[in-house]
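Laboratory data are not the source of any read-out in this text; all were calculated from the coordinates shown. Quick caveat, the model's predicted, so the values are computed rather than measured. So basically every Cβ, Gly included, is an ideal-geometry build from the backbone, and we count neighbours across all protein chains shown.
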């Protein structure tokens, strides 16, 4: 069985500050991990995915995430927040690439000027 | 990478009626999935649409309420049957081997 926990339903940062969105997973098999972003009234956009290659994964819009097996974590970071980063972010896990996704509860990111 | 098209993009329906949502992929894929996103919540998998066999439903979802068709490797439909206001959600289709993974969704409002 697989599950994902996103710590913090709301995160607020100042523009230019570090963004850190936390995701911990549980999986009985080596996981495939994903981060998606959803802007208001829009669909899901894939930010990045981990598929057992490099543990540090770089995505779009300056985001990256690091897979840490010992901590069962896949936290999303961005060095400097931009106003346009304000959105809902979802972490998801799958048992294999192309398989069904189990989503976390989501974290709403707010960026203050 | 493949592209997913979903329609309608939104609809307002009367309670008691049914709505069929279509999902088209521009290349053949083995696995397609249907998700629901209730207002202010995360995504929940409804079912896996299998080509040539019945869909596999997740706990809490039944075929009578959400019948699914998968006539070929590029197309699937989800029907939301006998709708009630509680069915108001965004319904999303996804497919394996697609970069974006998801269609843009169908925003359903039941009145």
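What is the Å³ per residue value for the convex hull set by the Cα atoms of the protein assembly as shown?
119 Å³
How high is the relative contact order of chain A, in percent, counting Cα pairs under 8 Å that sit 6 or more residues apart?
38 percent
Two decimals, Cα atoms only, Kirkwood Rh: what is Rg/Rh over the stretch B:1-49?
Over the Cα atoms of the stretch B:1-49, Rg/Rh equals 1.00.
Pop a pseudo-label 7 angstrom from the Cα along the beta-carbon direction at both residue B:27 and residue A:12 and give the gap in nm to one decimal.
4.4 nm
I need to check one value: relative contact order of the stretch A:1-63, counting alpha carbon pairs closer than 8 Å and at least 6 residues apart, in percent.
Contact order relative to length: 25 percent.
Could you tell me the calculated FRET efficiency between residue B:38 and residue A:112, based on Cβ-Cβ distance and R0 = 25 angstrom, to the nearest 0.05?
0.30
Would you compute the Debye intensity of the stretch A:45-102 from its alpha-carbon atoms alone, equal scatterers and no solvent, and pass along log10 I(q)/I(0) at q = 0.15, 0.29 Å⁻¹ to two decimals?
At q = 0.15, 0.29 Å⁻¹ the computed log10 ratios are -0.47, -1.43.
Strictly greater than 18 Å: what percent of every Cα pair in chain B meets that?
43 percent
Could you tell me the relative contact order of the stretch B:9-111? Use alpha-carbon pairs under 8 Å, at least six residues apart, and round to a whole percent.
Relative contact order for the stretch B:9-111 comes out at 38 percent.
Taking the Cα atoms of the stretch A:1-82, report the difference between the largest and smallest coordinate on each principal axis, in whole Å and largest first.
Computed over the Cα atoms, the extents are 37, 26, 21 Å.
Can you tell me which of A:39, A:89, A:50 moves the most in a GNM of chain A? Springs connect C-alpha atoms under 10 Å apart.
Highest fluctuation of the listed residues: A:39.
7 Å from Cα along Cα→Cβ at both residue B:15 and residue A:61: what's the point-to-point distance in nm?
Computed distance between label sites residue B:15 and residue A:61 equals 3.7 nm.
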